[in-house]
1. Within segment 8-20, track down each residue that is free of Cβ contacts under 8 Å to residues at least 24 places away in the same chain and either in a loop (DSSP other than H, G, I, E, B) or within 19 Å of Arg72 (Cβ to Cβ) (or both).
2. Looking at (1) open to solvent by 20 Å² or more (accessible area, probe 1.4 Å); (2) touching a residue at least 12 places away in the same chain (Cβ under 8 Å); (3) outside any helix (DSSP H, G or I), can you tell me which one Ala56 breaks?
3. Report, by residue number, each residue of segment 21-48 that is loosely packed, with under 15 Cβ neighbours inside 10 Å and either assigned to a helix (DSSP H, G or I) or on the phi > 0 side of the Ramachandran plot (or both).
Amino acid sequence: MYIRIGKVCEKRGRGSSSLYEDIAHGLLPPPIKRGRASLWIEDEIDAVLAAEAAGATDDEIRELVQEFTAARQNRARDVRAAALRVAPQHHAA
């Protein structure tokens, strides 16, 4: 499920400035852009918060965020590949 910035800030108990600062430092996954909207994957945010609560170091959290980013890229690649397989083929006459 996607959540907007207000919900992310509420869950973290911090404002949007620190949110974007943490993104820049690799401590939070970046948003997904949908038009003008910035959306976050709630499970990713919850996982980062759980890691912080469990005492994970900044480096451990960066690694977790990198895993999320790589998984997003892999899913996008898989979706593109699937779309190409089902797209109608146009042949020149």
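The values are calculated or read from the model by the stated rules, or taken from the named source; none is laboratory data. Predicted, not measured: the structure shown is a model, and the values here were computed from it. Here Cβ is always computed from backbone atoms with ideal geometry, including for glycine, and neighbour counts include all displayed protein chains. Heads up: the accessible areas ignore ligands, DNA and RNA and are worked out on the full protein's heavy atoms, side chains in. Shrake-Rupley method; radii C 1.70, N 1.55, O 1.52, S 1.80 Å.
1. From segment 8-20, those free of Cβ contacts under 8 Å to residues at least 24 places away in the same chain are 9-10, 13-20; that's our starting set.
Passing the criteria: Gly13, Arg14, Gly15, Leu19, Tyr20.
2. (2)
3. Within segment 21-48, the subset loosely packed, with under 15 Cβ neighbours inside 10 Å is 21, 24-25, 32-37, 42-43, 46.
Passing the criteria: Glu21, Ala24, Gly35, Glu42, Asp43, Asp46.
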